[in-house]
Amino acid sequence: MECQERRLVGDLIALASVEGLPVAEAARRLCVTRQGLYKLLKQLREEGYVAEGPVVKLSPKGRDLLSSVLRDLLRYFNIASIRLVGRVVSGLGEGAFYISLEGYKRAIEDKLGFAPYPGTLNVKLDPQYLPHRRYLDGLPGVVIPGFSNGLRTYGSVKAFRARINGVEGAVVMPERTHHSTDVIEVIAPVRLRDVLNIKDGDVVEVEILL
């Protein structure tokens, strides 16, 4: 990696740490002047790495560059899995609707090798695991392609093979989400609440296989 690219990656990592903040607050947290940060943002916008707007936000090009760096680091350190811990929470039933759609159901069986139970297990992560959760945004995962049923088009989904308290399954999320949350959705070939004898509030461990 050349010196200029190293500086660019360093700048993007710093900006990622204050993403979503107004420039004045971002400058304060980064311990730089507002004028200096405005100058950097202007340059990176011109190069396509930062999005336009009133807050600091990386563009898809900027995120893709950081994603490639993250993948290289995970390979270098031989990190094969990410461990997440959280508590079971109830969802709104949307997971059951989407997983029941024939387009997603067939694609999951084809890409992940199992027919999913029609529903998801929602896990609200403990705060200390949120940085690990954000790693998933920068990794490619297994793409579950979108489809159209003639009435509506459904977007593609990104999946990561996983073990939930030892049971094989997967974590699913929108393919190109820019908004990390503290809740992950888990699918499996079985109803996890029954097989694991768990209910809302119970702690579960999710091992993401990279």
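The values are calculated or read from the model by the stated rules, or taken from the named source; none is laboratory data. In this text the structure is predicted, and so the values were computed from the model without any measurement. Heads up, the Cβs are rebuilt from the backbone with ideal geometry, glycines too, and the neighbour counts pull from every protein chain shown. Just so you know, the surface numbers come from the protein's heavy atoms only, side chains and all, with ligands and any DNA or RNA stripped out. Shrake-Rupley method; radii C 1.70, N 1.55, O 1.52, S 1.80 Å.
The candidates Cys31, Cys3, arranged from most to least accessible area with a 1.4 Å probe in the full protein assembly, appear as Cys31, Cys3. Annotation for region 69-138 versus region 187-210: alpha-carbon center distance of 11 Å. Rounded to whole numbers, the Karplus 3J(HN,Hα) couplings from phi for region 190-195 are 10, 7, 4, 4, 6, 5 Hz, using 6.51 cos²θ - 1.76 cosθ + 1.60 with θ = phi - 60°, and x at Gly and Pro. Averaging 1/r over every pair of different alpha carbons in region 29-90 and inverting the result gives a Kirkwood radius of 14.6 Å. Accessible area ranking (1.4 Å probe, heavy atoms, ligands and nucleic acids excluded), largest first, for Asp200, Asp137, Asp110: Asp110, Asp200, Asp137.
Overall form of region 113-193: oblate. Here a/c, set by the Cα gyration tensor axes a ≥ b ≥ c, is 1.5 or more, and a/b is not larger than b/c. Amide H contacts of Ala162: Gly169, Ala170, Val171, Leu209, each under 5 Å away and 5 or more positions distant or on a separate chain (H built 1.01 Å from N in the peptide plane; Pro and chain starts excluded). With 22 Å as the limit on Cα-Cα distance, the pairs of Lys105/Lys158; Lys61/Lys111; Lys124/Lys158; Lys111/Lys158 that go past it are Lys61/Lys111. The 3J(HN,Hα) values that the Karplus relation (6.51, -1.76, 1.60; θ = phi - 60°) gives for region 88-98 are, in residue order, 5, 9, 7, x, 9, x, 5, x, 4, 4, 5 Hz. Gly and Pro appear as x.
For Gly146, the residues whose amide H sits under 5 Å from its own are Ser156, Val157, ignoring neighbours fewer than 5 places away on the same chain, with H placed 1.01 Å from N. Distant-in-sequence amide contacts of Ser59, defined by a placed amide H-H separation under 5 Å and a gap of 5 or more residues or a different chain, comprise Val50, Ala51.
Checking [x] 0.98; [y] 1.02; [z] 0.95 against Rg/Rh (Cα atoms, Kirkwood Rh) calculated from these atoms, the matching label is [y]. Length gained on full extension, Val143 to Asp64: 26.9 nm, using 0.36 nm per residue less the C-alpha separation.
Given a Förster distance of 25 angstrom, what is the FRET efficiency for Val195 paired with Arg134, based on the Cβ-Cβ distance and rounded to 0.05? Once the sixth-power term is evaluated, E becomes 0.30. Take every pair of alpha-carbon atoms less than 8 Å apart whose residues are at least six positions apart; their mean separation over the length of region 126-210 yields a relative contact order of 27 percent.
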